[in-house]
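Undergrad: First the structure, then my questions, so here it is.
The values are calculated or read from the model by the stated rules, or taken from the named source; none is laboratory data. Computed from a prediction, not measured in an experiment: that's the story for all the values here. In this analysis, Cβ positions are derived from the backbone assuming ideal geometry, glycine residues included, and neighbour counts consider all displayed protein chains.
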Amino acid sequence: MIPKFVGVTGLPRAGSTLLCQLLAQHPEIHCDGHSSPLCNTLLGIRRMISDDSFFLSQLDNSFESCYGHLASAMQGFLRGWHHDCKKQLVVDKNRAWLHAIELLLHIEPDAKLIVCLRELGQIYGSIEAQHQRTILVDFIDHLADFDRFGRADMLFAKDKAVGAPLISLHAVPDLPKKVQEHLYFVRFEDLMEQPAACMSHIHAWLGLSKFKIDPNKLAIGIQESDSHYHMKYSHKQSDRIVKPKRHDISPRIQSQIESACSWYYQLYYPQPAAKMP
C-alpha cells in the first residue's frame, strides 16, 4: 500500500511542531514531526538534471520518453523516502513545500499540504523573545547585531526566515483553483483555542476516520535539532497544549509589519490584529 502524502508547511513559529505532534496521535498517520530534507532534495534534483548535458541531449531526441523517465524517477524518490511507512498517510514537514506545490502535484497528484499561519507580529515577537533568551549566540544569518526594528525588517526580507514563506503565501491566490484545492490553512490562534475541533476538521479533509485528540494528554515525539537554527527557533514539545502568552512588541514594529504585509491580513486575518487572541 502506498500511503497518501501530506506536507506540513507555512510560516515559522506558527505551530507546525505542535500540529505534527497532534497529527501523529492519529492511528492512521505516520508523522516523525521534525523537518525533512525531501522537498529540498527534489528541488535540487530539478536544478541538477536541468543542467546535465546528457539529459538535455536525450530530450532533443526523445522528449516524451526521457521526460517520462524523470517524472517516474522523481515520483519513485518521493515515495521511496517513506518506504517503510505502513500507515494510510505519511506527513512530511518542510517550509518549502508551498513553494514547490506545483512540482509536488506533478509527481504526486493526490498530495495535500497543510499550511500553518500566525499573526505576523506574534511571529516576530516569538523569534525576538527566543533571541533574548539566547542573546549570546547569533542567528545563522547574523541578525544579532541589528537593533530590534532592523532585525524585524531583516526577518521579513524575501530570502529570510519569515519573508521567504510569505512570498509563497502571497502567490496562493494566483494558483489555479485545482491546485488551491490541495491546500488547507490552519491558524495558530485557532489551533490553540480549539485544538480538538481544528484537528477534527483536518482529519475529515484528509479523508481519515474520526479520532478525538486529548489536548491534555499528548505523546511526545522526536525532538527537532534546535542547534541547527542556532537555538533561535525552538521546537519544544509538551504532553499537553499550553496557550502561550501574547508577546508584547513595539507598536512601531507592529505597524510596520501590518503596513508592509496588508495583503496577508486581508487574506488570512481579516479582523483587526488588536482583536486577535
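Undergrad: Looking at K210, K245, which one is surrounded by fewer than 18 Cβ atoms within 10 Å (Cβ to Cβ), charged (D, E, K, R), out of contact with any Pro (no Cβ under 8 Å at 6 or more places or on another chain) and modelled with pLDDT of 95 or more?
TA: Answer to the check: K210.
Undergrad: Return the only residue of Q266, Q223, Q254 being in a helix (DSSP H, G or I), touching a residue at least 40 places away in the same chain (Cβ under 8 Å) and among the polar types (S, T, N, Q).
TA: Result of the check over Q266, Q223, Q254: Q254.
Undergrad: Based on this model, can you work out whether D92 counts as assigned to a loop (DSSP other than H, G, I, E, B), among the acidic types (D, E), modelled with pLDDT of 95 or more and at negative phi?
TA: no
Undergrad: Quick one: would you say L120 is of a type in the set (A, V, I, L, M), surrounded by fewer than 19 Cβ atoms within 10 Å (Cβ to Cβ) and out of contact with any strand residue (DSSP E or B) (no Cβ under 6 Å at 6 or more places or on another chain)?
TA: Considered against the rule, which asks whether it is of a type in the set (A, V, I, L, M), surrounded by fewer than 19 Cβ atoms within 10 Å (Cβ to Cβ) and out of contact with any strand residue (DSSP E or B) (no Cβ under 6 Å at 6 or more places or on another chain), L120 comes out as no.
Undergrad: Based on this model, can you work out whether F188 counts as under 17 Å from G15 (Cβ atoms) and in contact (Cβ under 8 Å) with a residue 12 or more places away in the chain?
TA: In short, yes.
Undergrad: Among Y229, Y184, Y269, which is within 21 Å of R118 (Cβ to Cβ), surrounded by 11 or more Cβ atoms within 10 Å (Cβ to Cβ) and modelled with pLDDT of 95 or more?
TA: When all the criteria are applied, what remains is Y184.
Undergrad: Does the stretch 75-102 hold any residues that are more than 16 Å from the chain's Cα centre (by Cα) and either among the aromatic types (F, W, Y) or over 11 Å from L38 (Cβ atoms) (or both), and which are they?
TA: If the condition is that a residue be more than 16 Å from the chain's Cα centre (by Cα) and either among the aromatic types (F, W, Y) or over 11 Å from L38 (Cβ atoms) (or both), then Q75, G76, F77, W81, H83, D84, C85, K86, K87, Q88, L89 are the ones that fit.
Undergrad: A further question follows. Can you tell me which residue among A152, A144, A164 is crowded, with 20+ Cβ neighbours inside 10 Å and at pLDDT 95 or above?
TA: A152
Rundown of residues vs (1) in contact (Cβ under 8 Å) with a residue 24 or more places away in the chain; (2) under 30 Å from I127 (Cα atoms); (3) surrounded by 14 or more Cβ atoms within 10 Å (Cβ to Cβ), yes/no style:
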| site | (1), (2), (3) |
| --- | --- |
| V8 | yes, yes, yes |
| S16 | yes, yes, yes |
| M74 | yes, no, yes |
| G80 | no, no, no |
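Undergrad: Which pairs have Cβ atoms under 8 Å, sit 6 or more apart or on different chains, and link a residue in the stretch 99-111 that is of a type in the set (A, V, I, L, M, F, W, C) to one that is in a loop (DSSP other than H, G, I, E, B) and at pLDDT 95 or above?
TA: Every condition considered, the pairs that remain are I101/L175; I101/H182; L104/W97; L104/A111; L105/A111; L105/H182; A111/H182.
Undergrad: Sticking with this structure for a sec: Considering only residues that are outside any helix (DSSP H, G or I) and hydroxyl-bearing (S, T, Y), look in the stretch 12-64 and name the one that is nearest to the chain's Cα centre (by Cα).
TA: In this case the residue turns out to be S35.
Undergrad: With respect to M199, determine if the residue is aliphatic (A, V, I, L, M) and either modelled with pLDDT of 95 or more or exposed (fewer than 12 other Cβ atoms within 10 Å of the Cβ) (or both).
TA: yes
Undergrad: Report, by residue number, each residue of the stretch 77-89 that is part of a helix (DSSP H, G or I) and of a type outside the set (A, V, I, L, M).
TA: Listed by number, the residues that qualify are F77, R79, G80, W81.
Undergrad: Just give me the residues in the stretch 226-251 being within 19 Å of A161 (Cα to Cα) and part of a loop (DSSP other than H, G, I, E, B), in sequence order.
TA: D226, H230, M231, K232, Y233, S234, H235, K236, H247, I249
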